[in-house]
Amino acid sequence: MSSKSSNAVLAKARAMYGRCLKDNDYRQLADCRTVPEIAAYLKTRTSYGRALTGLVDGEIHRGQLEPMLRQNLYLDIYALSRYTSDKSVAFSEFIISKMEIEQIIRFLMLLNINRPEDYAYSMPLSLDKFAALSFGEMAKARSYDDLLASLRNTKYFSVLSEFSPRENERIKITEIELALNIKNYASAIEAMSASKSKTEQKELTNIFNAMLDFENLARILRLKKYYGFETDKIRSMLIPYGKLSKKTLDELCSADNVNDVYDLARSTYLGKMLTKLQYSNPGQITDALVNVYCKHHLRLSPNPTIVMISYVYLKEIELHNIVNIIEATRYGMSADEKLKLPVR
């Protein structure tokens, strides 16, 4: 990219981050008593207003609201793309694939409960501008074979075809998601290794390795705390990349309990960040680590790709926060309880 377009991307991404939710927004959302109240606040008081245009107050439920909010992130990525002619830097194929995988998994979850037709109401029309697959074609699918047919000419077909369910067998969504993500990370790492700039290669490798280590650590904590899986089972469910050595990952997987996992993790390069965290719930650990890491890079990195990746991850955390508050509101939790949920 030219110096001018690089500066434009940096400025635009940081300006977008400036419009993210603040502490007061989370307090206001926590005070809302219903999902329509949350939707009304987001529509009139935050940057999510454009994604909620046309929303009729009082006529919204959680299943409709989340996909509409996610459109906001897709619109941001599309807006950033106008500031550069280099598509590989503007979008980062990894980020786009990450979002496509998310949509495939969303469809598979609906297919597993025999409601694939519901996908048409939440498919991300704004993502169609730069996606490699057709969400419209995917929405027409009514079976796993139909889904495969709609994805035949995409890089996802080979992975999904390996997991075709037998008759009356449930779709193995967890295994599919893991396989798709492994392939996505592998492609990103291969692309980074081909970079002519050693400095950029090192910077991008560092941020991807950190994201992988965050995700794997949280996965180990979750599988050990909630499922009690054995070491080999946990190891098989990790993404096989990252900065943490195989020996360290094996030790984390074989730890006796969650506290031992934390103690071992603190002896790695993650230790400094872990000591800063105010969260102990495995479901919050990944977001908390990413939050600390990406805020630092968004503010200080001169690399437009890293700033864009950081912005996208921070926006994802914000979406998780909103969804968690929505769920807590549906279950009647108090405002004080809801305020403990967002990772900030």
Across the alpha-carbon set of segment 197-276, Rg over Rh with Rh taken as the Kirkwood radius works out to 1.01
The alpha-carbon center of segment 190-235 and that of segment 120-187 are separated, in whole Å, by 23 Å
Proxy exposure order for Tyr279, Tyr226, Tyr74 (fewest C-beta within 10 Å first) is Tyr226, Tyr279, Tyr74
Working note, the chain: Cα radius of gyration (Å, one decimal) and Dmax (Å, whole number) are 20.3, 57
Which of Lys276/Lys315; Lys272/Lys295; Lys276/Lys340; Lys233/Lys340; Lys202/Lys246 exceed 26 Å between C-alpha atoms? The answer is Lys233/Lys340
By the DSSP-based rule, helices of the chain that are at least 27 Å long along the axis (C-alpha) and have a mean Kyte score of at least -0.5 are 62-81, 93-112, 173-193, 198-222, 282-300, 304-330
GluC sites (Glu not before Pro) in segment 100-190 lying in a DSSP loop, each with at most 13 other Cβ atoms within 10 Å of its Cβ, come to Glu162, Glu167, Glu169
Taking a straight Cα-to-Cα line shorter than 15 Å from Lys140, and setting aside same-chain aspartates and glutamates fewer than 8 residues away, one finds Glu117, Asp118
Cα extents of segment 121-227 per principal axis, largest first, Å, are 48, 40, 26
Between Lys295 and Ile189, the two model label points (7 Å from Cα along the beta-carbon direction) sit apart by a distance in nm of 2.9 nm
In segment 196-240, the trypsin sites (Lys or Arg not before Pro) that sit in a DSSP loop and have at most 11 other Cβ atoms within 10 Å of their own Cβ are Lys196
For the pair Asn168 and Arg19, the simple spin-label estimate (label points 7 Å beyond Cα toward Cβ) gives in nm 5.3 nm
Computed from the beta carbon distance with a Förster radius of 41 Å, FRET efficiency for Glu337 and Glu175 to the nearest 0.05 stands at 0.75
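Every number here is computed from the coordinates shown, using simple stated rules; none is lab data. Just so it is clear, the structure is predicted and the values come from calculations on it, not from any experiment. For neighbour counting, all protein chains shown are included, and Cβ atoms are generated from backbone atoms with ideal geometry for every residue, glycine included.
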